[in-house]
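Okay, structure first, notes after.
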Amino acid sequence: PGGVAPARFATAAEALHTVFGFDAFRGEQAEIIEQVTSGGDAVVLMPTGGGKSLCYQIPSLLREGTGIVVSPLIALMHDQVDALVRNGVRAAYLNSSQQPAERADVERAYVAGELDLLYVAPERLNTESAKQLLARGKVALFAIDEAHCVAQWGHDFRPDYLALSELAERWPDVPRIALTATATDATHREITDRLSLSGAKHFVSSFDRPNIQYRIAPKLEVRKQLLDFVRSEGVDAAGNPVSGIIYALSRATTEKTAAFLAANGVNALPYHAGLDAALRRRTQERFLREDGVVIVATIAFGMGIDKPDVRFVAHIDLPKSVEGYYQETGRAGRDGAPATAWLAYGLQDVVQQRRMIDESPGDLAHRRRLAQHLDAMLALCETVQCRRQNLLGYFGQASQPCGNCDTCLEPPASWNGTVPAQKLMSTIVRLQRERRQKFGAGHLIDILRGKETPRSRQYDHDSLTTWGIGQDLSEQQWRSVVRQLLAQGLLATHGEYGTLTVTEASAAVLAGRHEVALRTEPERITRSRGPKAA
Ligand code: ADP
Ligand code: ZN
């Protein structure tokens, strides 16, 4: 027997108080809810923690029928549905983790009009059987969460999202709301186009998270730097440890780093997709319930984790994109109290990521996109501008210097790096021309500093005219020069070994027509004389 879930409340305010226990709407929530409840489409760009869920949950409670929520993350689906059910909302989900009997039960409840909200994974919604099922009941609205997944330009593209445009054709009278926390202009346009939302109203919130202090440091001795950071930022005013997340690229690094921190008295636990599911669940529970737990994780951790008082997010490897960095750092300080986003990165990160891009499957256009994402991330790292201004500028939002990031608080000194850049570039050009050999940063720096190695002897590099002309800079300083030239597009790296090459823009530097300004970086941190860190 078919049925229609009735409207549960007369007004949005009533639903807000009764179901969620909140006093007032935040930001543009009220306007968004009004738009969708009255049957209009909406595109919502709102930062993580901004309160996107209510924007479709409340209209689902105000309209007749069931709100269908497309969500790509099964774990997040479970959490949201559990929380809704606890608040007296009739919510359920359909995904691949279910037994057939459980699924049949949910389907029956939907058709009978017994559900206010139904969460569906995109790959399931795209099946004909799922569409036929939806047609047997009444849909109140479609919410497309994580809508940036439809954007091929973006960092999180999922092909299943492309087929969601069909919803508009099949249910022309049902309002649709697309939501995302990533909002470059390009992604915004793609969401609008690909999901057929040209008639939608757009709600773009500010992406500023004023309580987060952004700091980006060159990677020197990363473990020591991290330990110093955790010791200084990892305690509150009363000296009690606070909660934090440390992101690393590889599973092995998360485990080693967690063990290192634990050996130094930090309550640190590793988390990555390769760990046993039960252990992951326990780790997540401890992070949510206990004070002062620090999780060292791959980016598998954090999606859908709603912990308001995370006081810091640290990255010990370079994130692959500004969007990713913004999303991950956005998990800090959701309660509005001061929080820190700290990142350490080095030349090795750049080389490694270029290599991963070169080796990544997919066409040239895809690899080019990945390279552009990395370049934008590097530009953020190397900027002498306000970090926040650069970050918001990336999302198309103009702002003033914030006064609360590392470059605002300690404006980086800069120096004229034209001559070292010329020395490096001419060495590369000579090597390319004369020997048709290609070398990475390490060997080039050895040549400039005149360091004898088996390799330099093998290739007769001590006969180069640039041999030893860079002894005025330390190896560390040379690495910084290389990194900054890469970030400025004045050098490029290729292939497995991070071969350095000149770019079109290098010519102007070599000809003396372009002056190179470089950040002055702190000298290598001297080792503490205390007990050696484990
Ligand atoms: P997003 O999906 O945008 O990251 P959520 O919908 O998960 O954000 O909301 C973030 C947090 O803010 C949640 O803890 C949520 O309960 C809370 N929240 C959302 N709207 C309000 C509101 N109007 N008043 C108080 N808290 C809110
Ligand atoms: Zn600033």
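Computed from the coordinates by the stated procedures, all read-outs in this text should not be read as laboratory data. This structure is a prediction, so every number in the text was calculated from the model and none was measured. Using ideal geometry, Cβ is built from the backbone for each residue, glycine included, and neighbour counts are taken over all protein chains shown.
Structure summary
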| read-out | value |
| --- | --- |
| Scattering profile of the stretch 169-314 at q = 0.13, 0.15, 0.20 Å⁻¹ [log10 I(q)/I(0), Debye over alpha-carbon scatterers] | -0.73, -0.86, -1.20 |
| Residue-count net charge about Gly67 - beta-carbon cut-off 12 Å; Lys, Arg +1, Asp, Glu -1 | +2 |
| Translational diffusion coefficient (Stokes-Einstein; Kirkwood radius from C-alpha pairs) of the stretch 27-69 at 25 °C, 0.890 mPa s, in µm²/s | 232 |
| Unsatisfied cross-links (Cα-Cα over 27 Å) in the set Lys52/Lys224; Lys138/Lys201; Lys219/Lys256; Lys201/Lys320; Lys224/Lys320 | Lys52/Lys224; Lys201/Lys320 |
| Local net charge near His148, Cβ-Cβ under 9 Å (Lys/Arg +1, Asp/Glu -1) | -4 |
| CD proxy at 222 nm, helix term only [per DSSP H run n ≥ 4: -39500 (n - 2.57); per residue of the chain; nearest 500] | -11500 deg cm²/dmol |
| Three-way shape label, the stretch 340-439, alpha-carbon gyration tensor, a/c 1.5 | oblate |
| Gain upon complete extension [Arg26, Asp173; 0.36 nm per residue less C-alpha separation] | 50.1 nm |
| Dimensionless Rg ratio for the chain, taking C-alpha atoms and the 2.2 N^0.38 Å reference | 1.10 |
| Amide H contacts of Ile177 (H built 1.01 Å from N, under 5 Å, at least 5 apart or other chain) | Ala42, Phe142, Ala143, Ile144 |
| Karplus (6.51, -1.76, 1.60) ³J(HN,Hα), θ = phi - 60°, over the stretch 270-282, in Hz, Gly and Pro reported as x | x, 8, 7, 5, x, 7, 3, 4, 5, 5, 4, 5, 5 |
| Residue-wise HN-Hα coupling along the stretch 41-56, computed from phi with Karplus coefficients 6.51, -1.76, 1.60 (Hz; x: Gly, Pro) | 8, 9, 10, 10, 10, 9, x, 3, x, x, x, 6, 4, 4, 5, 10 |
| Neighbour-count ranking [beta-carbon atoms within 10 angstrom, fewest first] of Asp472, Asp276, Asp306 | Asp276, Asp472, Asp306 |
| Local electrostatic count, Glu28, Cβ distance below 12 Å [Lys/Arg +1, Asp/Glu -1] | +1 |
| Computed Kirkwood radius, in angstrom, where 1/r is averaged over Cα pairs of the stretch 56-167 | 14.2 |
| Residue-span extension gain [Gln397 to Asp82] - 0.36 nm each, minus C-alpha spacing | 109.8 nm |
| Gain upon complete extension [Asp335, Glu410; 0.36 nm per residue less C-alpha separation] | 24.3 nm |
